[in-house]
Structure formats: structure tokens, C-alpha cells
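First comes the structure, then the notes that go with it.
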Amino acid sequence: MATMKLSPCANVHTCRAKTAGVVRASYSAFRLISRPNVNPIGKRLQQLSASTATPLPSLAPPATSSADAVDASGKLTFHGVHHVALICKELERSLEFYQGVLGMEINPDRPHHKLPYRGAWLWIGPEMIHLMELPNPDPAENSKRPEHGGRDRHFCVGMASLDALAEKLDKAGITYTRSMSGRPAIFFRDPDANCLECVELAPWR
């Protein structure tokens, strides 16, 4: 293997002078590269470094705009029904109906201690019913409401089996009517005359 032969300095002073010259030249080159406003080569190196560097992920929340609230045609974007609010006279009586008869479960993540009235949130599929113990501005007696709930204010929910529901309503002594249009649907009222419609169909979400 060939080896590089280094020529010795003539004396110590000569070696020191050569070393100092190399250091000064290196420092001058570094200053030119690190000052892009003076040296175009340094400017180009900084541009290349910036273009090839991997950007850090942003921790800021994604930017939103009013355009996100409308679709391509300019219509408002709705996601679905979040909950239905029902007025009740006695919360415990309503919970006995919705939990005891219909088997709905309370959503514990929606506490009521921040509201100025008693109430409860009940799961009904992916949505909720909000029971509110408040004075009812509507007649709360079935005799003062339309006999068929389909002709009164009501909300409709889909379910797997009307036969199973009818069996529970019959066992609890709750009156109900079937849809007059022939659809597989049942209308009935809670203890405060709020009307529910249940229709038998396959899941649509």
C-alpha cells in the first residue's frame, strides 16, 4: 500500500506559519458560506438545506373556516338529530317508564348538576332523549290529546322488532295504536302524554 510522505517543516516557525495560514483560509471560507447576503454560494446552500429538510409536525389545531359548515352547493351541513327534549312532571315516574319498560340506559357523561332543573339523558341508539322536569305548557292528560299519536307532535325511532315492543307495552298496560298507513309502526305515550313512534326497519346508519 502506498503511503503519503509528509515533508517536514524546515523549522518550528515555518510550521506555525503554515498552520496559521490554513486556519485563516478555512475561517474565511466559513464566513463567506454563512453570510448568504454576501456570498451567493452560501445563499444557495441555505436554500438547498431548507428545501430538503423534513418539516416538523404542527401541534396547532387544524384551521377551520366558514366554508366547512356548508356543502358544495352552499347548503348548511347537518350531521343528524343529537337529542329530543321531553318535559316531565316527575322524573322518577318517567325513568320508571323509559328505563323500566323500554329498557333505555342513562348517559352518565351528561350530568345535570349544572342545570337549574332536574332531568336525565337517556340513550336511544346513538342519539339521546333529554328528560326535563319542568312545568308542561301542553295538556299532560291523554284524554286531551289526539287518540292516535300520529296526529300529534311526536318523534320517531327505528327498532328491530315491533312484536317485542308490543309485548312489553301490553305487559305494562300501556295503550298503543298502529300506523294508519299500513307501515310497521306503533304509536304510544309516556306518563306525561309525550308521543313516541317506533317503526320496524333495518339500521340505516
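Restricting to the stretch 166-193, name every residue that is in contact with a Cys (Cβ under 8 Å, 6 or more places away or on another chain) and in contact (Cβ under 8 Å) with a residue 40 or more places away in the chain.
Step one: filter the stretch 166-193 for residues in contact with a Cys (Cβ under 8 Å, 6 or more places away or on another chain), giving 185-192.
Those that are in contact with a Cys (Cβ under 8 Å, 6 or more places away or on another chain) and in contact (Cβ under 8 Å) with a residue 40 or more places away in the chain: Arg189, Asp190, Pro191, Asp192.
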Handout entry: Condition check for Val70: surrounded by 12 or more Cβ atoms within 10 Å (Cβ to Cβ), β-branched (Val, Ile, Thr) and at pLDDT 50 or above
Key = no
Practice task
Please go through the stretch 96-154 and pick out each residue that is of a type in the set (D, E, K, R), over 16 Å from Tyr176 (Cα atoms) and touching a Cys at 6+ places or on another chain (Cβ under 8 Å).
Solution key: Glu133
Practice task
Can you confirm whether the stretch 131-146 contains a residue that is of a type in the set (A, V, I, L, M), farther than 21 Å from Glu90 by Cβ and either in contact (Cβ under 8 Å) with a residue 24 or more places away in the chain or part of a loop (DSSP other than H, G, I, E, B) (or both)?
Solution key: no
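The values are calculated or read from the model by the stated rules, or taken from the named source; none is laboratory data. These figures come from a predicted structure and were not determined experimentally. Virtual Cβ from ideal backbone geometry, glycine too; neighbours counted across all protein chains shown.
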